[in-house]
Amino acid sequence: MSDDDLDALALLHDPVRRSLYEAVAGSGGEVGRAEAAEAAGVSRTLAGHHLDRLVEAGLLESGFRRPERGGPGSGRPAKVYRRAAGERSVSLPPREYGVLASVLASVVDGLGAEEEAERAARAAGERLGRGRRGEPVEEVLRARGYEPYAQRGRLRLRNCPFHALSREQPLLVCSMNLALCRGLLEGLGEDPGRAVLDPLPGECCVSLTSKTNED
């Protein structure tokens, strides 16, 4: 944990900044000032000020969107914001769980113990699901940091909680993530087959078919 992490996350204590950040992060893409201001219920000028503060802190990134209509009179490019690619974490006292997770993933890979790892992940997901039985799967996934959203008959997961580790061991981590999600569904009393590998760039490798598609 660094002072920069603390300073950046402290900015989100302000309710306006937090609302603006959530509006941008929840969009899954680029958001203009006017759109973010409307979502947070503040003026465009105030939204611009706070959005730029979030950019300075490294929580958001900014760019410019060209007008749809080119040529004279088309106007200037509009400033847009998107969630920053980097990660922020705070732990008091500081912990380094990611280092040990990376070591363990390397051991699993080296031993060829992927099937055992998947079984352990599914059992962990099932225990989690049993502890939250009766709750919608969307809420359980949201509480685990997956950021679920509905799209074309599927429940997609905008965020991968294991993103850093998945870059080191993508096949292992994605297979364990799938097993975890299937175990979670089973623990909730739902069809584990709803969870499938369905990667999209920048998102989680797993998605869930909707219940309506099962009928």
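Selection of the range 171-193 for residues being charged (D, E, K, R), surrounded by fewer than 22 Cβ atoms within 10 Å (Cβ to Cβ) and either under 14 Å from Glu114 (Cβ atoms) or touching a residue at least 24 places away in the same chain (Cβ under 8 Å) (or both) yields Glu186, Glu190. The residue pairs whose first member lies in the range 148-170 and is in contact (Cβ under 8 Å) with a residue 60 or more places away in the chain and over 15 Å from Leu197 (Cα atoms), whose second member is open to solvent by 40 Å² or more (accessible area, probe 1.4 Å) and in a loop (DSSP other than H, G, I, E, B), and whose beta carbons are closer than 7 Å, counting only pairs six or more residues apart or on different chains, are Ala164/Glu87. Of the listed requirements (1) touching a residue at least 24 places away in the same chain (Cβ under 8 Å); (2) within 26 Å of Lys211 (Cα to Cα); (3) open to solvent by less than 60 Å² (accessible area, probe 1.4 Å), Gly145 misses just one: (1).
The set of residues in the range 53-70 that are under 19 Å from Asp4 (Cα atoms) and either modelled with pLDDT of 95 or more or touching a Gly at 6+ places or on another chain (Cβ under 7 Å) (or both) contains only Gly58. Taking (1) more than 17 Å from Gly28 (Cα to Cα); (2) at pLDDT 95 or above in turn, Leu165 satisfies each apart from (2).
For every residue, the table says whether it meets (1) within 19 Å of the chain's Cα centre (by Cα); (2) open to solvent by less than 50 Å² (accessible area, probe 1.4 Å); (3) modelled with pLDDT under 95.
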| residue | (1), (2), (3) |
| --- | --- |
| Asp7 | no, no, yes |
| Gly26 | yes, yes, yes |
| Gly32 | no, yes, yes |
| Ala39 | no, no, yes |
| Gly73 | no, no, yes |
| Arg82 | yes, no, yes |
| Ala85 | yes, no, yes |
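Could you tell me whether the range 169-185 includes any residue that is part of a helix (DSSP H, G or I) and under 12 Å from the mean Cα position of the chain (by Cα)? Among the residues of the range 169-185, not one is part of a helix (DSSP H, G or I) and under 12 Å from the mean Cα position of the chain (by Cα), which makes the answer no. When each of Glu118, Glu186 is tested for being modelled with pLDDT of 95 or more and in contact with a Pro (Cβ under 6 Å, 6 or more places away or on another chain), the lone residue that passes is Glu186. Here Gly134 passes the criteria (1) farther than 13 Å from Leu185 by Cβ; (2) in a helix (DSSP H, G or I) except the one numbered (2). Selection of the range 92-106 for residues being assigned to a loop (DSSP other than H, G, I, E, B) and touching a residue at least 12 places away in the same chain (Cβ under 8 Å) yields Leu92, Pro94. Residues in the range 48-63 that are of a type outside the set (Gly, Ala, Ser) and more than 15 Å from Ser19 (Cβ to Cβ) were compared, and the one that is most open to solvent (accessible area, probe 1.4 Å) is Glu56. Can you say whether Cys205 is surrounded by 19 or more Cβ atoms within 10 Å (Cβ to Cβ) and under 13 Å from the mean Cα position of the chain (by Cα), as far as the supplied structure shows? So Cys205 passes the test.
The requirement of being open to solvent by 70 Å² or more (accessible area, probe 1.4 Å), closer than 19 Å to Thr209 by Cβ and not in a helix (DSSP H, G or I) is satisfied by Ala150.
The values are calculated or read from the model by the stated rules, or taken from the named source; none is laboratory data. Treat the numbers as computed from the prediction; the structure is a model and nothing was measured. Cβ coordinates were reconstructed from backbone atoms using ideal geometry, including for glycine residues, and neighbour counts include every protein chain displayed. We work out accessible area using only protein heavy atoms, side chains counted, and drop any ligands, DNA or RNA first. Shrake-Rupley method; radii C 1.70, N 1.55, O 1.52, S 1.80 Å.
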